[in-house]
Every structure is written in structure tokens, then in C-alpha cells.
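Report on the following structure.
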Amino acid sequence: MPTNLLFLADTHVPARAKELPAQVWAAVDDADVVFHAGDWITEPLLDQLEERASRLIGVYGNNDGAGLRRRLPLVARTEIDGIRFAMIHETGQASGREKRADLEFPDADVLVFGHSHIPWDTTSPNGLRLLNPGSPTDRRRQPVCTYLTAVADAGVLRNVELIPVERNIQPSRG
């Protein structure tokens, strides 16, 4: 049976946004497993996602304080439908990332990471898939805020899709 996956990172609630956009909450509701690759900022978002997600896998990021670090690991590992996932917040500079990931995560099929707010989807020389969902709340130098969805199905990661977060457009007055 296929498993619907949602990948989030760098939500920075409430520093960059007061809350997650409704579109992201709808994606949480649709997912069988939600991954969050760190930089939550405060614990209430972790509490909300734990309550609402069918299954939540998270790690802490460089901007997460002691409370989040007590509750979340630096690295998370899990297997879903025959796919071995590893997740960490930071992987270092983009140059050489795939080779470093091969060395640091030899037993993973997919490495999920965050930190840069820059969406990333590559495959390492050894076949490790590297995914960064960007940020659903802080686009930084990107054209839009983003997250990723995918399907785990019998050992294959399918339908990996970068989803832009729709901005609420205020009606014009005039």
C-alpha cells in the first residue's frame, strides 16, 4: 500500500510566520508521514504537528533551543515501505554535498535535510537521493516558499513534487 509523504523544513514559526499556511496544514492532513528537517524555533509547532500528523518524524535545527533539542534528535532514521530514510538539518555547503552524504549516510536510500531554504533534489554517485523541501514560510532568495510531497511504494520513492505555497492575495480596493 503506497504511503503519502510530506517533507517540511525551516518553518521558523513564529519568527518568520505566525503560523503555518492553511495549504501546509491541508498537506499535513493528507500525509501518512510528515518529515520536518528542523528550525522549528519554538515547541508549540512541534506540539501541533504531533497532534495533527498521522506520523511525525523530526530533527532539530541550528535555530532550535534546548526544549526542542531535548525532544528531537540531531539525526533521524526510519524505514517506510522498504525505503531507508535519514534526516538531518545541515549538510554543509552545496559543493561536494552528494559525496559527503554518501560517506555519512551509507545505509540510507534518501537523505532529507534543510537549513538553506533552497529546494534540492539530486542523487549522489552511490545512488543516495538528497531532498531539501525549501521553506513553507521563508523563501529567502527563492521565488516562492515551498515544501515537498512524495509517495513511498514498495521500495521506490515516486511522485516527488516541489509544491509552491500560495500566497494569500488580498482583494484590491478601488
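Things to note:
- Of all residues in segment 39-53 being within 16 Å of the chain's Cα centre (by Cα) and among the acidic types (Asp, Glu), the one that is surrounded by the most Cβ atoms within 10 Å (Cβ to Cβ): Asp39
- Taken over segment 55-77, the criterion of being surrounded by fewer than 14 Cβ atoms within 10 Å (Cβ to Cβ) and either touching a Lys or Arg at 6+ places or on another chain (Cβ under 6 Å) or polar (S, T, N, Q) (or both) is satisfied by Asn62 alone.
For (1) of a type in the set (Asp, Glu); (2) in contact with a Gly (Cβ under 9 Å, 6 or more places away or on another chain); (3) in a strand (DSSP E or B), each residue gets a yes or a no:
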residue: Glu98; (1), (2), (3): yes, no, no
residue: Pro106; (1), (2), (3): no, no, no
residue: His115; (1), (2), (3): no, yes, no
residue: Thr122; (1), (2), (3): no, no, yes
residue: Pro136; (1), (2), (3): no, no, no
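- Taking every residue in segment 102-130 that is closer than 14 Å to Phe7 by Cβ and pairing it with any residue that is surrounded by fewer than 20 Cβ atoms within 10 Å (Cβ to Cβ) and of a type in the set (Ser, Thr, Tyr), at least 6 positions away or on another chain, the pairs with Cβ-Cβ distances below 7 Å are Arg129/Thr123; Leu130/Thr122; Leu130/Ser124.
- If the condition is being more than 22 Å from Val165 (Cα to Cα) and under 13 Å from the mean Cα position of the chain (by Cα), then segment 54-74 contributes Val59, Tyr60.
- Matching residues in segment 90-123 - criterion: being among the aliphatic types (A, V, I, L, M), modelled with pLDDT under 95 and crowded, with 16+ Cβ neighbours inside 10 Å: Ile118
- Each residue in segment 131-144 was checked for being without any contact (Cβ under 8 Å) to a residue 60 or more places away in the chain and either within 21 Å of Thr91 (Cα to Cα) or of a type outside the set (Val, Ile, Thr) (or both), and 5 of them qualify.
- Here is the figure for segment 105-131: residues that are of a type outside the set (A, V, I, L, M, F, W, C), touching a Ser or Thr at 6+ places or on another chain (Cβ under 8 Å) and on the phi < 0 side of the Ramachandran plot total 3.
- Set Ala26, Ala22, Ala15: member being over 17 Å from Pro164 (Cα atoms), surrounded by fewer than 16 Cβ atoms within 10 Å (Cβ to Cβ) and free of Cβ contacts under 8 Å to residues at least 60 places away in the same chain: Ala15
- Within segment 149-174, residues that are farther than 10 Å from Leu5 by Cα and in a strand (DSSP E or B) reach partners that are of a type in the set (D, E, K, R) and modelled with pLDDT of 95 or more with beta carbons closer than 8 Å, at six or more positions or on different chains, in the pairs Asp153/Asp81; Leu162/Asp121.
The values are calculated or read from the model by the stated rules, or taken from the named source; none is laboratory data. It should be emphasised that the depicted structure is a prediction, and the values quoted were computed from it without experimental measurement. Note that we place each Cβ from the backbone using ideal geometry, even for glycine, and neighbour counts take in every protein chain shown.
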